[in-house]
Amino acid sequence: MRPDLLARLADAQSERARASLLRRLRTVDAIDGATIVVDGRGLLDFASNDYLGLAQHPALREALARAAARWGVGAGAAHLLGGHRDEHAELEAALARWTGRERALLFSTGYMANLGAVGALAGAADVCVQDKLNHASLIDAARLAGCTLKRYVHGDVASAARQLEAEPEAGALLATDGVFSMDGDVAPLQELAWLARERHATLMVDDAHGLGVRGADGAGSVAEAGLSQDDVPVLMGTLGKALGVAGAFVAGSATLVDGLVQSARTFVYTTALPPALAAAARVAIDVARHEGWRRDHLRRLVTHFRAGAAARGIALLDSRTPIQPVRVGGSAAALALSQRLAEAGFFVPAIRPPTVPKGEARLRVALSVRHAESDVERLLDALAGARASVHADAAAPAPPSVPDPSPPVRARRGRGRKA
């Protein structure tokens, strides 16, 4: 008899709930600076990837409104079928100039950019070697491409070399995040670029969390490492994090972009990004490039948070980016800590498996230009108090069980599954 797919999905959900892994969808009712309103309560938001504080920037709003008045709210077609407008072309040119590449190509999301790029570059006879902590979109991209996927120890260039050496005759794509989204650390990009040259592999960097934040003018972790288009032939970046808009791009040589236009299925077979978003993103690039004080402020917040955490005995992962993960360990403890912070007025969701490895649940504190140093200080105090409260609850003895005086209820037979 065939399995009931919906019942199997429900069973998996029940198992996730028992393991404290059930995700919850929250609706944000309003935003006011760094404060969001969730379930009627104002919470200081430390979960957003709007690192430079551009999502509410008045210049971006004005650019979006002007372009919407001209083009409407949607592109109406794929890029190749009339959806490509001058707003898209100008944004692609601006992205190429900013990142030091010949060309850039827009995608609707970062996930689609990775699926499209990897799928166009690698096939069944090839190997894709990836960091174990790469974003899920890179992992899925290799699986869908049908190539051999090999993963190396996080940040370990020697491990990556061994994986490449295991497939010496195959075409090779070496792929890594620039800044790792859940750990906040930066990949050893210079060493990986050297390895790719030595092993005749093509290096691809997903710089979703580095663009706008790293480098002298915010051009990203690849630019900060001093790597050119020849060093990193495939660069992916997103527009929905530090740039505060939505969408993504892949940048590189004219050969790469021309090939993606022909072969990247997630570019060919989807509606183009709304032109109004492209217009807003172009303004965001100008702000990110020329307002270096935003990155300076972020660096001060990172330093303040890390120093304050150390003074309070709060264990952090090793990160010099706005992503500051607080070590917790167990999923139930991470959920309890997140709840305590919410009660104190802070929005810091728990990050649990499978997003992070088993036993490595954490709170992912995301710092933004919207935060003041006083906000960071308040969070640190609340975090220290919440940790003490959670640890006290965990150490308290469980109350004695009381027998249920009611008689047992006999289950009725029926054709349905047990709840």
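The values are calculated or read from the model by the stated rules, or taken from the named source; none is laboratory data. What you are looking at is a predicted structure, and each value in this text was computed from that prediction instead of being measured. Because the Cβ atoms are built from the backbone with ideal geometry, glycine has one as well, and the counts that use them run over all protein chains shown.
Within region 97-107, restricting attention to residues that are in contact (Cβ under 8 Å) with a residue 24 or more places away in the chain and surrounded by fewer than 20 Cβ atoms within 10 Å (Cβ to Cβ), which residue is farthest from H79 (Cα to Cα)? Across region 97-107, the extreme among qualifying residues is G100.
Screening R66, R85, R103, R61 for residues that are at pLDDT 95 or above, in the same structural domain as T238 (by TED's automatic domain parsing) and out of contact with any strand residue (DSSP E or B) (no Cβ under 9 Å at 6 or more places or on another chain) leaves exactly one candidate, R85.
In summary, L174 fulfils each of the numbered conditions (1) within 16 Å of D207 (Cα to Cα); (2) surrounded by fewer than 24 Cβ atoms within 10 Å (Cβ to Cβ) with the single exception of condition (2). With the structure loaded, tell me whether G155 is in a loop (DSSP other than H, G, I, E, B), under 30 Å from R289 (Cβ atoms), of a type outside the set (D, E) and under 20 Å from the mean Cα position of the chain (by Cα) or whether it fails that test. Yes; evaluated as a whole, the condition is true for this residue. Does at least one position in region 233-250 carry a residue that is modelled with pLDDT of 95 or more, assigned by TED's automatic domain parsing to the domain that holds S374 and among the β-branched types (V, I, T)? Checked region 233-250: no residue is modelled with pLDDT of 95 or more, assigned by TED's automatic domain parsing to the domain that holds S374 and among the β-branched types (V, I, T). If you go through region 337-355 and keep only what is surrounded by fewer than 21 Cβ atoms within 10 Å (Cβ to Cβ) and more than 27 Å from V186 (Cα to Cα), you end up with Q339, R340, A342, E343, A344, G345.
Selection within region 191-218: residues that are acidic (D, E) and in contact with a Lys or Arg (Cβ under 9 Å, 6 or more places away or on another chain). The member of this set that is surrounded by the most Cβ atoms within 10 Å (Cβ to Cβ) is D207.
Among the residues of region 132-144, none qualifies, meaning not one is in the same structural domain as L203 (by TED's automatic domain parsing), farther than 30 Å from E360 by Cβ, at pLDDT 95 or above and in contact with a helix residue (DSSP H, G or I) (Cβ under 7 Å, 6 or more places away or on another chain). For region 216-267, give me each residue that is of a type in the set (V, I, T) and part of a helix (DSSP H, G or I). Passing the criteria: V222, T255, V257, V261, T266.
With a requirement of 1 or more residues that are in contact with a Pro (Cβ under 8 Å, 6 or more places away or on another chain), the helices (runs of 4 or more DSSP H) lying completely within region 67-152 that satisfy it span 86-99. Of the residues examined, G308 is not one that is surrounded by fewer than 18 Cβ atoms within 10 Å (Cβ to Cβ) and either over 19 Å from the mean Cα position of the chain (by Cα) or in contact (Cβ under 8 Å) with a residue 60 or more places away in the chain (or both).
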